[in-house]
């Protein structure tokens, strides 16, 4: 152990779903932890280490729970950690908009006999809703430190850091007996003494918590006597707790004139017009973002074109080396650099729909219909998460308890366009459409993906019963509707930066590396090395491996008037969607600016819309396929991937036909 740290402590961060736990952990540590304004974002345990003065602290960010009576696997993970983990204390993060549920959870943590700090988050939203909380009165009633907080802007974080050090110094009072359970008290004491366990754990044993079956057996006679006297202990305890919660909230909460920030909800949640209103908001956002960013893209392209790469390479004698540097490395690097504004724009859109609460409202009017066609309620959360990246969204479905719901959700996530697909789509839209209409096409992937999910979930659900022997019953799930907000704060900015940086680093490496492979395939063929001349000679390139690959699938896309170079690029999208763009550049022997120009000259509007539709659906990347295989198995993954390809082709032809009629 490093001597300079006088002590190391372990603190659990517990709270309601969507209460701001991860935002607080991120604020304390300075690390980026993915957050979003909808429940279910944290579905596993996040461990963060930080240092305050000479104190080493391990923060454990647990999945959101409403109580210690877990019903879902991610809630069970959190509950098991709370009951059995060796914690020095807890930070309970509560939402001021759900104060009663916050206090109900808090009571259970207090009864475990550990120091507890309550962070009352979202105080700004409470005030705007006309909710006034007497924090000092709460402190007196509960006997614990309470911090009013606005985590997104860092309010209260300084005080929280100070209180964390007081946990290490054992200077925070522990208040375990916040509720008098009357006739149950003697049984609580008896179980606690027999098991040498804290009061809260004894209560959970008496209640029959499924995670404490072993302890319940050891205290079986005490439990039996308690049941004989009191009856349903879990109901009795819940009633006592809610009475206590009601008593506190009556004393400390005053409601003024309610200022409703979410007046749009009357429109957005309307089953008849809500979808159109949400789409209109997304369209407006996309329009504004891309109208602002388009001049920046042109400016970066002009700067890159001013770099005399040809003159710098003139002294490189070997033509292969010169071609490799210019056509593989430089072209792919310049593509990455010139697309930075578009990457930023897509990241901004994704972060906005996550943090504003808009994405829930976009799908909420559809939820009843989605459940009717087979998509589980909780599956909607994972589909939303898939917009950022399909891989973690698919991996997180292990938290869904019903195997039926888990399988169908994991199979549907690849139908949701991820950030990489949206980037390619945005570039096609920018090349074909006037800048004023780019937002229209940015909405198209979301609309068509919803259609795809509805169609395929209905088709795949009966298939599961034929090829899967054991399917468990479906489990209902409800979640609170998050507040509709405009997420302008430092964590929103940090998220947009993280998404942009992560994508550029990951995609940049892939694009450059894959461009090198593409370069090899474009200067060689069955007859051997053809040479760099093939990159600029359309006759020679037809003899390359790249052209042969394109010829294999070009007949499928020929009726859509999509050139073979573009259809060949789509083949490489099965590896990573990011490399579609670099594949286009290599096949056309062009630079980053040339990709936009090539798309503009090679595609008419109906073909562009068909291509966008195909890219939305045809396949996830190989990383998603591997993850999908782990969740649903090889057979279902293969079936689903083939189904995606067929659906992508069918919808592409339909969109193309409609576009021809309209245009």
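Kirkwood-type hydrodynamic radius, the range 182-255: 13.0 Å, calculated from all non-identical alpha-carbon pairs. Please work out the C-alpha center-to-center distance from the range 103-173 to the range 511-569 and express it in whole Å. So the separation of the two Cα centres works out to 62 Å. Here the label points at residue 249 and residue 47, each 7 Å from Cα along the C-beta direction, are separated by 3.6 nm in the simple model. Distance from the Cα centroid of the range 595-652 to that of the range 188-251 is 54 Å (rounded to whole angstrom). Give the average over all directions of the projected area of the C-alpha convex hull of the range 612-663, one decimal, in nm². Mean orientational projected area (the range 612-663, Cα hull): 3.5 nm².
Once you have a ≥ b ≥ c as the square roots of the Cα gyration tensor eigenvalues for the range 7-168, tell me rounded if a/c is under 1.5, and otherwise prolate or oblate according to whether a/b is larger than b/c.
rounded
For residue 228 and residue 213, compute 0.36 nm times the residue count separating them, minus their Cα-Cα distance, and round to one decimal in nm. All intermediate terms of the calculation are to be shown ahead of the outcome.
On the way: separation 15, 0.36 × 15 = 5.40 nm, distance 1.91 nm.
Full extension of this stretch gives 3.5 nm more.
In terms of the mean number of neighbouring beta-carbon atoms within 10 Å, the peptides 124-134, 95-105, 544-554 order highest first as 95-105, 544-554, 124-134.
Each reported figure results from applying straightforward, stated rules to the coordinates on display, with no laboratory input. Computed from a prediction, not measured in an experiment: that's the story for all the values here. Cβ sites come from the backbone with ideal geometry, for glycine too, and all protein chains shown count toward neighbours.
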